[in-house]
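Scroll down for the structure; my scribbles are underneath it.
The values are calculated or read from the model by the stated rules, or taken from the named source; none is laboratory data. Please read all numbers here as calculations on a predicted model, not as lab measurements. Here the Cβ positions follow ideal geometry from the backbone for every residue, glycine too, while neighbour counts run over all protein chains shown. Remember, those area values only see protein heavy atoms, side chains included, never the ligands or the DNA or RNA. Shrake-Rupley method; radii C 1.70, N 1.55, O 1.52, S 1.80 Å.
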Amino acid sequence: MPGEYQAWSESRYRCLSMAATIQRRIGLTYNMSFMENPYDASDARTQFIHSIVTQGFPATCCTSVVIYAAIGRRLGYPINIVKTREHLFCRFEDKDERFNIEATNPGFYVWDDEHYHTYPKPIQINALRRGVFMRNLTPRQELALFLNLRGQCFLDNMLFEEAVEAFDGACHMDPQDPFFQASRIDTLLMHCA
């Protein structure tokens with residue numbers, strides 16, 4: 001739709017260019033098997049960027065958003081990481097405009113917030129009202145998210161003490177996130193069983 005692109009702002013074009021460069025020049029691709037199978041955090045390559053940077057391992061939503069946000073921020077773009085239910089995406093937001101950037105699809109997709117209310121899984125209205133999802137994460141909340149991902153990786157590898165320690169860190173960094181608290185409690189119960 002050529003008319004649609006003519007109405008785009010310079011910021012959207014810049015983000016489109018960034019996404020194209022990340023995908024074509026750097027070679028970032030998405031790990032479709034990760035999305036199509038039940039969630040499994042046992043392989044740290046699906047949770048953290050080390051394998052993308054050093055080995056060209058395919059990205060997941062956990063890793064692609066970090067690449068997009070890091071490169072975008074380095075370019076001076078106000079890019080945030082945003083959580084929805086079982087998914088992460090990026091958001092460009094400055095005083096003049098706001099749009100979401102889907103970092104897992106080939107190409108450049110800008111979907112509105114309502115899309116993420118049901119994708120990939122519906123968000124319960126009370127979780128939306130509490131601000132658990134769909135908020136721009138602060139640096140502290142990003143660290144909590146990464147600690148939680150680390151905890152999930154430890155948990156899926158049956159390393160309960162390490163998982164609890166990581167979940168403790170996530171809860172300390174973002175005490176308002178009930179999912180971090182639930183992960184910690186579930187792990188403590190499994191470890192005691």
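Tabulated data for the structure shown
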quantity	calculated
Residues located in segment 66-91, provided they are over 24 Å from PRO178 (Cβ atoms) and open to solvent by 10 Å² or more (accessible area, probe 1.4 Å)	ILE67, ALA70, ILE71, ARG73, ARG74, LEU75, GLY76, TYR77, PRO78
Filter pass, SER51 being free of Cβ contacts under 8 Å to residues at least 40 places away in the same chain, assigned to a helix (DSSP H, G or I) and either open to solvent by 40 Å² or more (accessible area, probe 1.4 Å) or of a type outside the set (A, V, I, L, M, F, W, C) (or both)	yes
Residues that are open to solvent by 70 Å² or more (accessible area, probe 1.4 Å) and either aromatic (Phe, Trp, Tyr) or under 18 Å from THR60 (Cα atoms) (or both), drawn from segment 108-125	TYR109, LYS121
Selected residue [over 30 Å from CYS153 (Cβ atoms) and either open to solvent by less than 40 Å² (accessible area, probe 1.4 Å) or touching a residue at least 40 places away in the same chain (Cβ under 8 Å) (or both)] from ARG98, ARG14	ARG14
Criterion (among the hydrophobic types (A, V, I, L, M, F, W, C) and either part of a helix (DSSP H, G or I) or over 12 Å from the mean Cα position of the chain (by Cα) (or both)) met by exactly one of ILE81, ILE67, ILE101	ILE67
Matching residues, segment 104-119, being assigned to a loop (DSSP other than H, G, I, E, B) and either without any contact (Cβ under 8 Å) to a residue 60 or more places away in the chain or at positive phi (or both)	GLY107, TRP111, ASP112, TYR119
Scan of segment 84-98 for residues that are acidic (Asp, Glu), under 18 Å from GLN141 (Cβ atoms) and part of a loop (DSSP other than H, G, I, E, B), ordered by number	GLU86
From LEU145, LEU128, residue being outside any loop (DSSP other than H, G, I, E, B) and buried (at least 19 other Cβ atoms within 10 Å of the Cβ)	LEU145
Unmet requirement for THR63, which otherwise passes all of (1) open to solvent by less than 50 Å² (accessible area, probe 1.4 Å); (2) over 16 Å from ILE101 (Cα atoms)	(2)
